[in-house]
Amino acid sequence: MTAAAGARPLDQARAAFAHLQSHVAGLVESAAPPLLREVLELHFARVARALSAGRYPPVVLLPTALGEALTGEPFQPQLTAVGAAMWAATLGYDLIDDAADHEVAAAIAARFGAAAEGVAATAAMALFDAAPPLLLRAGGIDDATVGAALVAFATRAWSTIGGQVEDLAASSRAAGSAHWARVVAAKTGVARGGMDMATVVARKLGWLEPRQVPPLAAFAEALGAAVQHQSDLDELFGQAQSADLTNGKRVYAVARALERAPERARRRLELLLERARMPALHAAVLPSIRAEVRAHGGMMAAALLVARLTAEARLALRQAGLGSPAPLEALLAPVDVLAQLGARPAASTPPSPPAAVVATPNVPSVFGSEGYWLGRAHDVLAQLRGALEARGYALDPDLAVVTDARTPYCYYDHERRVVSLGYPDLTTASGRFRALTFVAMFGDPTVEQAARSADALLPLLTVHEAAHHLRHRYGVLSTSEAWVEEHATNILAVSYLRTRPGWSDEEPRVLEVLRRARRGLERSVEVDYVDATHDDLDEVLVHAMHAVPEHVYERAWQVALRERRPVVDTMLELGMVSAEQVAEAKRLQRAARARFDREYGSDPALTALLAMAQLAVELVDRDLPPFDEALHRYVDRGEAPGPPRSLVPLPREPEKKR
Amino acid sequence: MLTESLEKVVTKAAEDRAFLAALLADADAALAAAGLSLDAPDRVVLDEYCRVASGMSPAELDQAVQDYLSGNREIGLAAGG
């Protein structure tokens with residue numbers, strides 16, 4: 001194959017693995033006893049299945065890709081052999097690390113019982129020892145070069161082993177995000193080691209200048225760390241189970257969320273993480289952990305870290321000055337978030353407005369103009385339309401968005417099929433004047449800053465209004481029960497936005513703006529029943545009645561989680577509240593909802609306050625249903641929100657497809 | 001949406017051109033002379049009001065105030081809000 005034809009990374013992964021497999025088969029045939037053969041076959045079968053599905057660890061391709069970049073040969077023999085040696089070492093580490101390879105670990109445990117750990121470690125040693133003969137067998141390089149290459153790898157392997165030890169020990173103690181980033185940097189030393197091994201060989205073969213070696217090492221380090229962090233993210237958010245959570249590991253996203261969450265939320269997340277270590281509860285608490293990690297910016301922080309590492313890798317590759325860097329560049333593709341989004345901003349690109357995280361490609365550049373607000377809302381609706389259509393629902397094709405100069409509120413007019421945004425045009429005198437209401441509401445010092453706060457709420461308010469439309473279109477809109485209608489649309493809006501990329505980082509700011517709005521509006525109007533409209537009775541007891549202090553409530557919460565019982569029952573049993581207080585909470589809740597129904601829409605400030613407060617309640621609700629379930633309950637079935645819920649999220653029953 | 005005391009100031013400024021001019025020249029003095037007072041958060045809004053109003057022509061300001069006052073009297077909430 002020629003350089004022009006090129007090779008796909010997957011083909012190179014298969015070639016390097018085939019090389020390793022054939023080599024190990026030879027060793028096994030000649031020397032290995034049957035039991036070791038059995039273990040290695042289990043392990044190799046797992047890799048073969050992963051390769052069939054297109055999955056492979058990109059770092060093992062570093063040497064092979066370097067070979068192609070330097071020679072144009074996609075399967076350059078010596079460097080493909082280096083890749084195979086690197087893969088042997090990686091598979092050895094995987095065998096020891098249950099978390100990385102729990103499928104094989106389980107098979108070994110089933111086969112070997114109490115001796116499983118020792119068997120796995122011994123099989124790993126066999127893989128580590130496969131590397132020297134692999135390199136020698138490739139030919140074309142002398143013994144001294146093979147020795148130098150192995151020494152280069154072993155030097156970095158110590159870093160990897162140190163990182164693995166830290167990684168395995170992480171289950172026994174809590175560590176912060178900075179610590180986890182260091183662990184990842186150390187344990188991915190195998191990438192650096194593989195590159196060092198490859199550059200020693202490539203230098204010996206006369207294909208590299210000395211000055212090119214350090215940038216290639218930096219490229220490998222950044223790639224290795226980016227891949228590991230991305231893999232951690234994929235496991236946390238994309239798998240049915242998280243071995244990291246089972247093992248008590250707090251990967252970067254989790255550690256960042258814990259650092260960023262307010263005290264109470266942090267303690268709740270800690271409790272959920274403890275529950276996740278219990279096999280029986282793991283699946284039940286995983287959705288809540290994901291929601292918390294998203295809500296407190298952990299997912300976005302990890303994604304940004306991956307993006308930064310990818311950018312560093314790209315820069316290092318440029319500095320290496322290779323003639324054809326494409327094969328190495330291709331290894332970045334699985335983790336290059338910016339490239340996947342189709343946007344790679346130049347260094348001089350100014351930062352985006354802070355509120356415009358939800359993608360809005362059609363928005364005019366003049367911030368605060370009527371066109372800006374409409375463009376933002378149209379983009380939000382277009383994305384919602386797509387998400388709904390993918391799920392078998394549809395907005396009315398004629399649904400329109402307008403701005404309404406008469407009022408600073410947003411609403412849905414079901415007669416005209418119109419979502420109306422009360423966002424003023426800041427390019428006009430009247431609009432700037434009207435935006436003073438935003439200044440009063442959000443407490444920002446200038447019209448422009450207040451408009452930024454309003455901008456942060458725009459996706460949520462737009463989807464909320466569109467949800468009224470959806471419920472109207474599907475015949476479940478409630479015109480008599482304002483609380484039911486607003487609560488259902490809030491749940492639909494928040495659960496939808498939580499499916500959108502970028503929203504998890506935006507949500508804390510939205511919550512902060514909503515809370516400021518509530519404080520600002522409470523200066524104009526007094527409402528004493530908002531906290532009693534919460535659909536969790538315990539929240540009514542704590543926040544509306546102040547029946548128990550927060551820290552006592554937290555203890556009840558912990559006990560309820562441990563016992564898997566509703567927290568109100570627990571509070572009763574522990575004597576924290578009396579049956580009379582619970583009855584009073586129910587009465588207050590009913591009365592509050594009745595007042596909400598009567599007063600919502602009667603007065604501008606009151607209505608805005610009720611709306612903002614309810615949205616804020618939804619954003620902190622930890623067991624909000626996922627979007628598909630919300631659609632099923634509040635659009636298909638027209639359920640009233642707020643059935644009694646336990647505090648421990650339970651596994652959801654499978655639902656009928658539409 | 002504005003507090004009652006702030007709305008009093010804004011309404012007076014809309015109706016009384018001399019008070020508006022005094023407000024833009026020295027808000028504290030104008031409020032004291034009119035026997036009006038605002039708490040700190042309302043003063044932030046009033047300061048921004050003065051900044052925005054200073055950048056408008058008299059006609060623009062008239063129109064803006066009228067739009068604001070009339071607009072806030074109606075709430076266009078249809079079913080569902």
key: Relative contact order, percent, the stretch A:381-522 [alpha-carbon distance under 8 Å, six or more residues apart]   = 22 percent
message = At R0 = 30 Å, how high is the FRET efficiency between A:R385 and A:D234 if r is their beta carbon distance? Nearest 0.05 is fine.
response = 0.60
ask   = Of all accessible surface on the stretch A:482-591 at a 1.4 Å probe, what whole percent is carbon and sulfur?
value = 49 percent
query = Accessible area per residue, 1.4 Å probe, Å², for the protein assembly as shown: what's the number?
reply = 41 Å²
message = Tell me whether the stretch A:225-300 comes out rounded, prolate or oblate; compute the Cα gyration tensor, take square roots of the eigenvalues as a ≥ b ≥ c, and use a/c under 1.5 as the rounded threshold.
response = oblate
task = Report the relative contact order of chain A, percent, no decimals, based on alpha-carbon pairs under 8 angstrom and at least 6 residues apart.
result = 10 percent
query = B:S37 versus A:Q449, label points 7 Å from Cα toward the beta carbon: distance in nm?
reply = 2.6 nm
message = I want to make sure I understand the PRE zone here: with the label point 7 angstrom from the Cα of A:L304 toward its beta carbon, which residues in the stretch A:254-270 have backbone N atoms less than 17 Å away?
response = A:254-262
ask   = At a Förster distance of 35 Å, what's the computed FRET efficiency of B:K8 paired with A:T499, Cβ-Cβ distance as r, to 0.05?
value = 0.15
request  = Would you calculate the separation in nanometres between label points at A:A326 and A:A106, each defined as 7 Å from the Cα along the Cα-to-beta-carbon direction?
outcome  = 4.2 nm
Potential lengthening between A:A591 and A:R55 on full extension [0.36 nm per residue; Cα-Cα distance subtracted] = 187.3 nm
ask   = Spin-label point model (7 Å from Cα, Cβ direction): what's the A:M278 to B:R51 distance in nm?
value = 5.4 nm
request  = Taking the Cβ of A:Y496 as the centre, find all other residues whose Cβ is under 11 Å away and add up their charges (Lys, Arg: +1; Asp, Glu: -1).
outcome  = +2
Length-normalised contact order for the stretch A:513-634 - Cα pairs under 8 Å, 6+ apart - percent = 35 percent
task = Take the alpha carbon gyration tensor of the stretch A:488-589, find the square roots of its eigenvalues, order them as a ≥ b ≥ c, and report rounded if a/c is under 1.5; if not, report prolate when a/b exceeds b/c, else oblate.
result = oblate
key: Cα shape, chain A, gyration tensor, a/c 1.5 rule   = prolate
note = With R₀ set to 25 angstrom, the calculated FRET efficiency between the beta-carbons of A:D398 and A:R637, to the nearest 0.05, is 0.45
ask   = Based on DSSP H runs of at least 4 residues, each adding -39500 (n - 2.57), what is the mean residue ellipticity at 222 nm of chain A after dividing by all its residues, to the nearest 500 deg cm²/dmol?
value = -20500 deg cm²/dmol
task = Report the accessible surface area buried between chains B and A, summing both sides, using a 1.4 Å probe on protein heavy atoms only, in Å² rounded to the nearest 100.
result = 2800 Å²
inquiry  = Can you tally the net charge around A:T428? Count Lys and Arg as +1, Asp and Glu as -1, for every other residue whose Cβ sits under 11 Å from the Cβ of A:T428.
reply    = -2
remark   = Output field shielding_mean for A:413-421 (other chain Cβ, 10 Å radius) holds 2
ask   = So between A:T427 and A:E573, what do we pick up on full extension, going 0.36 nm a residue minus the alpha carbon distance?
value = 46.5 nm
request  = Grab the other residues whose beta carbon is less than 11 angstrom from that of A:M278, score K and R as +1, D and E as -1, and report the net.
outcome  = +3
key: Relative packing of peptides A:531-540, A:441-450 - highest average C-beta neighbours within 10 Å first   = A:531-540, A:441-450
key: Electrostatic dipole magnitude of the protein assembly as shown [Cβ: Lys, Arg +1; Asp, Glu -1; Cα centre; debye, to 20]   = 1480 debye
request  = Give me the number: length gained by fully extending A:V620 to A:L315, i.e. 0.36 nm times residue separation minus the C-alpha to C-alpha distance, one decimal in nm.
outcome  = 105.8 nm
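The values are calculated or read from the model by the stated rules, or taken from the named source; none is laboratory data. This one's a predicted model, so the numbers in the text were calculated from it and none came from an experiment. Neighbour counts run over all protein chains shown; Cβ positions are idealised from the backbone, glycine included. These accessible areas exclude ligands, DNA and RNA; they are computed on the full protein's heavy atoms, side chains included. Shrake-Rupley method; radii C 1.70, N 1.55, O 1.52, S 1.80 Å.
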